[in-house]
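The values are calculated or read from the model by the stated rules, or taken from the named source; none is laboratory data. Computed from a predicted model, the values in this text were never measured in an experiment. No Cβ is skipped: glycine too gets one built from the backbone with ideal geometry, and neighbour counts run over all protein chains shown.
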Amino acid sequence: MNVLKTKDKITIPKDEIKIIFSRSTGPGGQRVNKVSTKVNLVWNIWRSRVLNTDQKQKIIKKWANKIDKDGNFIVASQSERSQSQNRKKAIDKLQSFINIALKPTKKRMATVAPFWVKEKRLIGKKIRSEKKKTRSIKKLNL
C-alpha cells in the first residue's frame, strides 16, 4: 500500500512515513483533552529510497525550516476535529510540498525595452522636472 504519489510519478511507500498522533492545542472543551486528533507526519528524506540525490537536495533547500537535524521532514495537521481528516490533510500537505520543491524552474527570457518606452520615460521625467522648477522661488539680483 502506497501512501503518497506526486505529480512526478514518485511514489513514497508507507514504510518510509511515520505517523504520530497527539492531542491538539487550542480551544475545544473537554474533548480536546481526551482525543488525540493532531497528526505529525514524519518522513526521513536522507533515508528515502525513492528520491535521487538531486531531488533530495531540492527539497532540503526549499523546505529547510520543516526539516530537523536528522533529516526528518515534519508536517503537522490539527485543523480538523477527526484523526482521519487530519491524517489526509497532512498527507496532502506533504504531497504539495514535494510537488512545489520538485517543480522545474522556468528560465527567464532576457528582453530589451523598446526605444520608445525609454523615450517616453525620459520625456515624463523632463516634464516633471520643469514643473518643479516653476514652483521654486527665484532670487532677484538688485
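Which one is farthest from PHE21 (Cα to Cα) among residues in the stretch 83-142 that are under 39 Å from the mean Cα position of the chain (by Cα), of a type in the set (Gly, Ala, Ser) and part of a helix (DSSP H, G or I)?
ALA101
Go through ASN86, ASN72 for me and flag whichever is without any contact (Cβ under 8 Å) to a residue 40 or more places away in the chain and of a type outside the set (D, E, K, R). I'd like the intermediate steps shown before the answer.
Numbers: ASN86 fails: without any contact (Cβ under 8 Å) to a residue 40 or more places away in the chain.
The unique qualifying residue is ASN72.
What pairs come out if I take residues in the stretch 36-63 that are modelled with pLDDT under 90 and pair them with residues that are surrounded by fewer than 13 Cβ atoms within 10 Å (Cβ to Cβ) and of a type outside the set (Gly, Ala, Ser) whose C-beta lies under 7 Å away, six or more apart or interchain?
VAL50/THR11
Within the set of pairs 6 or more residues apart or between chains, which connect a residue that is within 20 Å of LYS56 (Cα to Cα) and of a type outside the set (Asp, Glu) inside the stretch 93-121 to a residue that is loosely packed, with under 11 Cβ neighbours inside 10 Å and at pLDDT 90 or above with Cβ atoms less than 8 Å apart?
Between residues of the stretch 93-121 that are within 20 Å of LYS56 (Cα to Cα) and of a type outside the set (Asp, Glu) and residues that are loosely packed, with under 11 Cβ neighbours inside 10 Å and at pLDDT 90 or above, the close pairs are ALA101/LYS61.
Hey, any hits in the stretch 82-97 for a residue that's more than 19 Å from LYS9 (Cβ to Cβ) and aromatic (Phe, Trp, Tyr)?
no
Identify, please: which residue in the stretch 37-71 is aliphatic (A, V, I, L, M) and exposed (fewer than 15 other Cβ atoms within 10 Å of the Cβ) and is, among those, farthest from ASP15 (Cα to Cα)? Write out each step before concluding.
The initial filter retains those residues of the stretch 37-71 that are aliphatic (A, V, I, L, M), namely 39, 41-42, 45, 50-51, 59-60, 64, 67.
Applying the additional criterion that residues be exposed (fewer than 15 other Cβ atoms within 10 Å of the Cβ) yields 50, 64.
On the way: VAL50: 12, ALA64: 23 Å.
Among them, the one singled out is ALA64.
Tell me which residues, restricted to the stretch 11-35, are of a type in the set (A, V, I, L, M, F, W, C) and in contact (Cβ under 8 Å) with a residue 24 or more places away in the chain.
Within the stretch 11-35, ILE12, ILE17, ILE19, PHE21, VAL35 qualify.
Would you mention how many residues in the stretch 53-109 are hydroxyl-bearing (Ser, Thr, Tyr) and more than 26 Å from SER24 (Cβ to Cβ)?
Taking the stretch 53-109 as the starting set, the residues that turn out to be hydroxyl-bearing (Ser, Thr, Tyr) are 53, 77, 79, 82, 84, 96, 105.
Checking the rest, the ones that are also more than 26 Å from SER24 (Cβ to Cβ) come to 53, 105.
Residues meeting the conditions: 2.
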